[in-house]
Amino acid sequence: MRLGLPRALTYYDYYPFWAGFFYKLGIQLHTSPQTNRTIMEDGLKKAPDETCLPVKILVGHLLALQDQDVDGIFLPRLVSMEKNTYLCPKILGLPESVLYAIPREVKVYTVDINWRKGKGLVLKNLYQFGEEIQRTKRQIREAFVEAQRWQKAYQRMRNGGWSFEESMECFEVLAEPVKLEKLGFIGNLPFTEDMDLQIKEKKSNPKIALVGHSYLAYENYANLNLLQHLKKKAEVKVVENVPSGFIEEKHGELPKKMFWSHAKKIYGAGAKYVESQEIDGLIYLSCFGCGTDSMTNDMLARKAREQQKPYLVLTLDEHTGEAGLITRIEAFLDMLERRKAHESYISPYGKRLDRYSNIT
Amino acid sequence: MKVTFPHMGNAWIVIQTLLECLNVDYVTPPPNSKETLNIGTQLAPESACLPLKLNLGNFVQGAALGADTALITGGVGPCRFGYYGELEKQILQEAGYDFDVITLEPPDGSILGLLQRIRKLAGPKNNWRKITQALLFAYRKSVALDRIENTFHGYRPLVPDSNRVDQLYDEARMNLLQAMSEQGITEVLNWLSDKIQEEKVCSYGENYRDKKNTLRVGVVGEIYTVLEPYVSMEIEKELGNLGVLVDRSIYLSGWVGQHVFRGLAQGYKPIKPYYSLAKPYLNHFVGGHAMETVGAAVKYAQEGYDGLVQLLPLGCMPEIVAASILPKVQEDYGIPIMTLTVDEHTGKAGVLTRVEAFVDLLERSRIYKDHKEGVLELAGR
């Protein structure tokens, strides 16, 4: 059996889990190719017009999977990945909300993952799914343990400073034996010492933090290679570099806890970076129509204003012109440099004397 | 402490009653207007949903009348409304309004916390018995209010004089606002049904239309957009004036019953049956009113309604999910569905034109039954 997994949305956070799960079950998991122009355009044509960019890209990937040699498409419904949180409603609405974009004869496998009520419910739903794919409870249980092990390993790699591509490569190679043959190597650790050296050489570059959803930050086609552009000129930190302890701490300072796990992670990491002396500035990567970002971004921007931290918001849409994006990044980085060179010369624009006065 | 609260259609009548029963000092903000929206759009994040912007406008306009505390309900997601209270507090404080926001919800699931908040709102003078009575009375009033609204949905398309209907509607609302006892509420309802009966016979006589021939359209969607006439461009009224019998899927008391009283009270038009109807199309709760919208659409389709209108504010996450599932309902039952997204646009003519065109299509498909497929291609998406 061969299942297709779209390289979109929750792939960017939970791929290792599914890779481990299906690896143990002896089911091949085939991931759709990197987003390209055809995928993006197909998605834009077929997806509901008011939904957000990542869902449109997901539809493109689903359509791309049809042509691949797979027995079905696997599109899980991730309801909640930890206690007291949800994922965004548009992710909860999968797969139903994108079903009518793909032909009816394509078999779509799905399973609800809901950690709100604990491990019992997750396993129960997985057992049901197991019946659908002819696997026993025992097999599912073993696969589940393996999946969690892979996911934890992934998180450790990311906290340890590995980049998204480096760590994902390991799991893809393991889960897709076909790829392994093509590449001709087995699990070579990509993190070497000269990388450390490279970072040391670039010491003078500004340090910035890129915060935003993983499915935007690592979606290199949609974000127009933002990370690569940034890395040329600055030292970049991302959300995943912040250990969960710090995220919980910063998030705990809010009077009301946020109930979206992505937004919580972004807010916690962002707040940590805003207060960190090491970070010179923040870039918030959002996309048009993102509901949770409208709130997280507003709260982080307010925090950045309070701390007088440079803050840039980049909103992605279906635009594909790179020049505009690069100009904005360059201007932002120039500003950071100048700010360092002329430390005491700061524009008073937009600053209020105290929160009770209206004079700006 | 002077309390103010956001507008949502006629909800202010109910909230005002509650606060009056509890003897809380309050101020009702002026009804939603362009100015409200302008204030809101200046303060709120650009891509926040429309209700947040109007809420902020209401609070600022309330502050101009002396309010210093805002009252709002909350939630634990995944709809953005659940986080309104916290965000609004931050925004207002940064804008220089030192507002205290009371969010009526159990903080971190603690019932004790909710009781403390109610106590903070009600002040030390009210005992718990009185608070419970006030809540129950406000709830009964909201049921009566919904009944009045529904009466007018059925009455408006049948009479030729729409101005007279508007007058009667305002009169009924004002009478209900002043009713402060159970008996008072019953009297208002009786008075209204007598009045309607009287006008039917005396004023209209021959001109009174036959209910059998009217088109029936269901209005589904996000609750704020459906209830608030400023946002929906009074679409229910306009449909009624075009001679269409409107039925609304969701009412204030139904929502309050399900979300505030946790299903203990069902309200006028319970929303519970929608969940099982929605199951074949949307198998999981996604927050907001997506399941209600899909379930109600199925219900109206099964009852043989002529068409459906879905209302949503731009960028509403749950309703976008519903909107992408409704074409399937449309296909399965052959019922035309029009999705209408509202934003900060205030030009009513554009919406009216679309509504008129939709009604024309529905009428036509009634005359030429065979052409119904043509209508389906045009309406909806």
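The values are calculated or read from the model by the stated rules, or taken from the named source; none is laboratory data. None of these values were measured; they are calculated from a predicted model. Every residue, glycine as well, gets a Cβ built from its backbone with ideal geometry; the counts of neighbours run over all protein chains shown. Just so you know, the surface numbers come from the protein's heavy atoms only, side chains and all, with ligands and any DNA or RNA stripped out. Shrake-Rupley method; radii C 1.70, N 1.55, O 1.52, S 1.80 Å.
Below is a table of values for the structure above.
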quantity: Number of the exception - residue B:145 against (1) touching a residue at least 60 places away in the same chain (Cβ under 8 Å); (2) of a type in the set (A, V, I, L, M, F, W, C); (3) open to solvent by 10 Å² or more (accessible area, probe 1.4 Å); (4) more than 14 Å from chain A (Cβ to nearest Cβ); calculated: (3)
quantity: Qualifying residue in the stretch B:150-168 (condition: in contact with a helix residue (DSSP H, G or I) (Cβ under 6 Å, 6 or more places away or on another chain), closer than 21 Å to residue B:267 by Cβ and open to solvent by less than 30 Å² (accessible area, probe 1.4 Å)); calculated: yes
quantity: Flag if residue B:318 is in contact (Cβ under 8 Å) with a residue 40 or more places away in the chain and either assigned to a helix (DSSP H, G or I) or not β-branched (Val, Ile, Thr) (or both); calculated: yes
quantity: Selected residue [buried (at least 21 other Cβ atoms within 10 Å of the Cβ), of a type in the set (Asp, Glu) and within 14 Å of chain A (Cβ to nearest Cβ)] from B:228, B:236, B:292; calculated: B:292
quantity: Test: residue A:247 is in a helix (DSSP H, G or I), free of Cβ contacts under 8 Å to residues at least 40 places away in the same chain and buried (at least 18 other Cβ atoms within 10 Å of the Cβ); calculated: yes
quantity: Hits in the stretch A:81-108 (condition: over 25 Å from residue A:49 (Cβ atoms) and facing chain B (nearest Cβ under 9 Å)); calculated: A:84, A:85
quantity: Set B:309, B:286: member being β-branched (Val, Ile, Thr) and either over 30 Å from residue A:288 (Cβ atoms) or not in a loop (DSSP other than H, G, I, E, B) (or both); calculated: B:309
quantity: Helices (runs of 4 or more DSSP H) (entirely within the stretch B:1-114) containing at least 1 residues that are in contact with a Phe, Trp or Tyr (Cβ under 6 Å, 6 or more places away or on another chain), touching a residue at least 24 places away in the same chain (Cβ under 8 Å) and within 13 Å of chain A (Cβ to nearest Cβ); calculated: B:50-64, B:84-94
quantity: Checking residue A:142 against (1) within 20 Å of the chain's Cα centre (by Cα); (2) away from every other protein chain (no Cβ under 14 Å), the condition it does not meet; calculated: (1)
quantity: Flag if residue B:31 is open to solvent by 20 Å² or more (accessible area, probe 1.4 Å), at pLDDT 95 or above and under 30 Å from residue B:182 (Cβ atoms); calculated: yes
quantity: All positions within the stretch A:102-115 that are out of contact with any strand residue (DSSP E or B) (no Cβ under 7 Å at 6 or more places or on another chain) and farther than 16 Å from residue A:5 by Cα; calculated: A:103, A:104, A:105
quantity: Residues being more than 14 Å from chain B (Cβ to nearest Cβ) and either in a helix (DSSP H, G or I) or under 14 Å from the mean Cα position of the chain (by Cα) (or both) - total across the stretch A:267-284; calculated: 7
quantity: Matching residues, the stretch B:192-225, being of a type outside the set (Gly, Ala, Ser), in contact with a Lys or Arg (Cβ under 8 Å, 6 or more places away or on another chain), open to solvent by 30 Å² or more (accessible area, probe 1.4 Å) and assigned to a helix (DSSP H, G or I); calculated: none
quantity: Residue that is nearest to the other protein chains (Cβ to nearest Cβ) [pool: residues in the stretch B:309-325 that are open to solvent by less than 20 Å² (accessible area, probe 1.4 Å), among the aliphatic types (A, V, I, L, M) and in contact with a Leu (Cβ under 8 Å, 6 or more places away or on another chain)]; calculated: B:321
quantity: Hits in the stretch A:34-62 - residues which are polar (S, T, N, Q), more than 10 Å from chain B (Cβ to nearest Cβ) and farther than 19 Å from residue A:4 by Cα; calculated: none
quantity: So residue B:299, is it in a loop (DSSP other than H, G, I, E, B), charged (D, E, K, R), open to solvent by 10 Å² or more (accessible area, probe 1.4 Å) and in contact (Cβ under 8 Å) with a residue 24 or more places away in the chain; calculated: no
